[in-house]
1. Within the range 205-226, which residues are away from ligand 2 (no atom under 16 Å from the Cβ) and buried (at least 22 other Cβ atoms within 10 Å of the Cβ)?
2. Restricting attention to the range 56-68, does a residue exist that is within 19 Å of residue 380 (Cβ to Cβ), of a type in the set (A, V, I, L, M) and in contact (Cβ under 8 Å) with a residue 24 or more places away in the chain?
3. Considering only residues that are within 24 Å of residue 211 (Cα to Cα) and touching a His at 6+ places or on another chain (Cβ under 8 Å), which ones fall in the range 246-261?
4. Do we find that residue 239 is over 19 Å from residue 154 (Cα atoms) and either away from ligand 2 (no atom under 16 Å from the Cβ) or without any contact (Cβ under 8 Å) to a residue 12 or more places away in the chain (or both) in this structure?
5. Residue 235 versus (1) crowded, with 22+ Cβ neighbours inside 10 Å; (2) not in a loop (DSSP other than H, G, I, E, B): which is the lone unmet condition?
6. For residue 153, indicate whether it is in contact (Cβ under 8 Å) with a residue 12 or more places away in the chain, polar (S, T, N, Q), within 13 Å of ligand 1 (Cβ to nearest atom) and more than 23 Å from residue 290 (Cβ to Cβ).
7. Would you check if residue 349 is over 12 Å from residue 76 (Cα atoms), part of a helix (DSSP H, G or I) and touching a Leu at 6+ places or on another chain (Cβ under 9 Å)?
8. Given the condition closer than 30 Å to residue 178 by Cβ, within 16 Å of ligand 2 (Cβ to nearest atom) and not in a helix (DSSP H, G or I), answer yes or no: does some residue in the range 85-97 qualify?
Amino acid sequence: MDKPILIGPFTQLLPMTGLPLKGALNDGQLPVIQNGGLVVSKGKILKIGLFEDLRSNEVQIHPLEGKNVCLPGFVDSHTHICFAGSRARDYAYRNAGKTYLEIAKAGGGIWDTVTQTRKASQKELGEGIVYRSEKHLKNGITTIEVKSGYGLSVDEELKMLRAIKQANSKTKIDLVPTCLAAHMKPKDWNQGEAYLNVIINELFPIIKKENLANRVDAFVEESAFSAEEIKPYFQKAKEMGFDITVHADQFTTGGSQVAVDFGAVSADHLEASTEKEIRLLAQSNTIATALPGASLGLGCAYTPARKILDAGGALSIASDHNPGSAPMGDLLAQASILGTFEKLSNTEVLSGITFRAAAALRLSDRGKLEPGTRADFVVFPTENYQEITYHQGQMKPSHVWKNGAPIF
Ligand code: NIG
Ligand code: FE
């Protein structure tokens, strides 16, 4: 039988354990094990502690050279990496002064990607997801949520969700699928309500039957679905046992109230949230997700992350990687930059891309390193964890392990 593997020594090992899910965090609270080690067996963490204490005849040593900092593999809890085509033209228009909504009305925006995604085969979409996932894996992301939402018909949403499933079997990164059939009112339907009825009655049962997703999302916004219009969709999703997540308060408020009313696992975006919405979220079990990549892509305000944390909310930070509002797709760079604008501690930033992000996907087996969690971890070539956010995404991991095996 294979012996458990002892990996290390790590100059600093950050297990991200013992920290609360909600509220502000300072760096004095961050547990740091100096000269730590991890014992891994069958894809999971068996033991964590001082490297020297973990040595024994029972383990096989996988030695690491030089100075290094180890953290749980990062979790990106909100992306749209299943798509075809580019929206570079939108980006140029936007930088020439046109707004996101004006561009959408002029034929750009989400509908442009829907048109291009509908032309792609399931195989092509799957290949695109694998390609983007591998890039994320190199940056230390070991779990990534992927939404549909560029199909906007029963068949096309199914094509996307099946492509995500297919991609999941072809990459070592874990993909967590979400149905975003309510991304906007499809232009080939006169009426949003009739479209949603078809989604509820035809698409949701197939998703369940084929086990294509257990999460349902909607873009709650005047330009997509209003808080009132979206209710039957979330009502049905809830009745069928789906977890709910919401694109909320991106340009106007209303979505966070819907999220809290439906007991959503997360409310994402929140750039337009005011004190009222911040309080509402902080008092709920809904995790607030900041998407700094969308602020950088659109050139607009950041999610009020500082206020959310100070009010007692839980904050996940995700890339929103998509061809329109967030083409960059570099979670660590974006989370670090959000930290500078919102005055977040390193512990808040790192929690937002590890255990708090895992909680936004209702995954309790990752985002921290303790006996029983998945052996997903990332190693950076430095002796001080502060260097990681300081380099704003330019310091790349020297090693990434997924399910107890080295990726590199
Ligand atoms: O999260 N806000 C809605 N949906 C995406 C944008 C998708 C797109 O522009 O293609 C977002 O930013
Ligand atoms: Fe999004």
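1. Step one: of the range 205-226, the residues away from ligand 2 (no atom under 16 Å from the Cβ) are 205-212, 214, 222, 226.
The answer is 207, and nothing else.
2. Initial filter on the range 56-68 (within 19 Å of residue 380 (Cβ to Cβ)): 62-68.
Still in the running and of a type in the set (A, V, I, L, M): 64.
Of the ones still in play, those that are also in contact (Cβ under 8 Å) with a residue 24 or more places away in the chain are 64.
Within the range 56-68, one or more residues are within 19 Å of residue 380 (Cβ to Cβ), of a type in the set (A, V, I, L, M) and in contact (Cβ under 8 Å) with a residue 24 or more places away in the chain.
3. Selection gives 247 alone.
4. So residue 239 fits the description; yes.
5. (1)
6. No: the conditions fail for residue 153.
7. Working: over 12 Å from residue 76 (Cα atoms): yes; part of a helix (DSSP H, G or I): yes; touching a Leu at 6+ places or on another chain (Cβ under 9 Å): yes.
So residue 349 passes the test.
8. Yes, because at least one residue in the range 85-97 is closer than 30 Å to residue 178 by Cβ, within 16 Å of ligand 2 (Cβ to nearest atom) and not in a helix (DSSP H, G or I).
Every number in this text was worked out from the coordinates using simple rules, so none of it is lab data. Since we're looking at a predicted model, the values are computed, not measured. Methodologically, a virtual Cβ is constructed for each residue, glycine included, from the backbone with ideal geometry; neighbour enumeration extends over all protein chains shown.
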